[in-house]
1. Exactly one of these conditions fails for Asn404: (1) surrounded by 16 or more Cβ atoms within 10 Å (Cβ to Cβ); (2) touching a strand residue (DSSP E or B) at 6+ places or on another chain (Cβ under 9 Å); (3) at negative phi. Give me its number.
2. Which members of segment 190-211 meet the condition of being closer than 15 Å to Tyr225 by Cα and in contact with an Asp or Glu (Cβ under 9 Å, 6 or more places away or on another chain)?
3. Looking for something surrounded by fewer than 19 Cβ atoms within 10 Å (Cβ to Cβ) and at pLDDT below 85 - is there at least one such residue anywhere in segment 375-397?
4. Being aliphatic (A, V, I, L, M) and free of Cβ contacts under 8 Å to residues at least 60 places away in the same chain is the filter; apply it to segment 330-348 and report the residue that is nearest to Val447 (Cα to Cα).
5. Suppose the filter is of a type outside the set (Val, Ile, Thr) and at pLDDT below 85; does Gly336 pass it?
6. Among all residue pairs at least 6 apart or on different chains, which show Cβ distances below 9 Å where the first residue, located in segment 381-398, is closer than 9 Å to Met332 by Cβ and the second is modelled with pLDDT under 90?
7. Could we say that Tyr226 is part of a strand (DSSP E or B) and either of a type in the set (Asp, Glu) or modelled with pLDDT of 70 or more (or both) here?
8. Which residues, counting only those in segment 362-374, are out of contact with any helix residue (DSSP H, G or I) (no Cβ under 9 Å at 6 or more places or on another chain) and in a helix (DSSP H, G or I)?
Amino acid sequence: MAEEFNSAMDLQDKDYNLSDDSEDIDENPSYDTQEKVENSGTEPQDKLVNIDLIFDYVMNKRYAPGITKSNKSNVRRLSKPYFPRDGQLYYRHRAERIGKSGNEYRELLVIRDQDEQMRIIENIHTGSGDIGTAPSLERHLGVERTRTKILERFYWKNVGKDVKKFISACDLCHKDKPVRKENYKIDQIFNYVVNNTYEYGMSKNDIGNLRRQAKDYVAQSGQLYYCQKTELSGNSGNDYSYRGLLVIRDREEQKRIIQSTHFGFEENDTNHCMESHLGIERTRSKILERFYWKNVGRDVREFISVCEICQQDNPVNKIDAGELNPEASEVMVEIGVNITNLPKTEDGYTCIVLAIDYFSKWPEARPLKDHNTEKIARFLFEDIICRHGCVKIQINDQGEDFVNKVSAEIQRLTGTKQHITSGYNSQNRELKDSFIKSIEDHHSKWVECLPAILFAYRTSKHSSNKTTPFQLLYNRKAVLPYELQDDQKIQGSEQH
């Protein structure tokens, strides 16, 4: 099998000359027509002409001993689509070309051994063999896709019937039939948009449906992109913008993207914090900022439904960001500050000071060893004022004396009196509680995970403004770690 396959692949792109009988190959029936002819009861003599007789005639220019004159005629007639090449028998298949008149021909290696035929079916169907097919891309294809892929390289009589029989006995195929059907459709669109080819054997009606479905897709650098239409903000509903989302066809790659978006790639604390076990809608929204496949939401929901951490009643997956603060109309105009106790770490950190912008929901935070007003003031000076400018600061759930001490220290650091008040804000408390719960999930490692948790919140959409804090602050999308880590892998998978 390996020698036959390697021979076929090595010769695939080479020019060749037909045998001396090539002038007789003036017409080659389609695959379906050939199947009907070979199985027709109108010509019973055809049943006596097997592939070994054709092989002997084409390769060795001889008839089998004892063959009748009538069967010799049938052998010559049925041998017309076959030709020799380097000791192998090939079948010359005719197929229509997209947008062009005439036909193009494909040379298929003839497989005579039944065991090899079954091995090819299994390898193409499951991707578990040694014929150069990536397992993650070819896993458990349907009947038509398996048959079509075989007929791109190999040929034997009744390929379709053998494939159907093999797959009918595959337990996994019956469990995952809807998903395979969806992937089959997107593969057809990929071949049409990117490769400008139709699947072999498609009817005119199927081709028309494919063209309509493909209108929302474009090709770029060998990749397939979905054109997502979004209404421009502040318009009457007639103006739209489009953005291209990379189409992910491989099921394993889809699962990896969901995992990386939800809690990161690797099994370590810091990496998991980068996505902080976001909920269904946030995970789905993050994916759909860059990637696309059908039923992303369904796949995300199924993935999170079996995530142990998410099933422990984690508020981060349920919290609503609340309505916008009516007093905050721009980014970094007013922030809320909370000081919260946390499990003591080995380095002696016992609490965290957290500041959240009321408009964008952008968080800043710093671990502390105590509720020292000077250290809190320095955090507000260094991480808020020096980064974002002077803002209104509301310190929540603290006494007036505490707030006055912080205000005095900030005045000393800046040289001017800042707008600092004490108070209570329910929206800020909800966000704070959600954020703190994410930190507490990491117990003694919360200081190490803090920057990554901040990143997760900054790059997640909030229900109040339908965008991310990062987008509002920087007017662009953040480049996420998995986009760099999986760039080559995703591009490679889409080349198939």
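1. (1)
2. The answer is Phe190, Asn191, Tyr192, Val194.
3. yes
4. Ile339
5. So Gly336 does not fit the description; no.
6. Qualifying pairs under 9 Å: Val391/Gln418; Val391/His419.
7. Details: part of a strand (DSSP E or B): yes; either of a type in the set (Asp, Glu) or modelled with pLDDT of 70 or more (or both): yes.
Here the answer is yes, as Tyr226 does meet what is asked.
8. Matches in segment 362-374: none.
The values are calculated or read from the model by the stated rules, or taken from the named source; none is laboratory data. All values derive from a computational prediction rather than experimental measurement. No Cβ is skipped: glycine too gets one built from the backbone with ideal geometry, and neighbour counts run over all protein chains shown.
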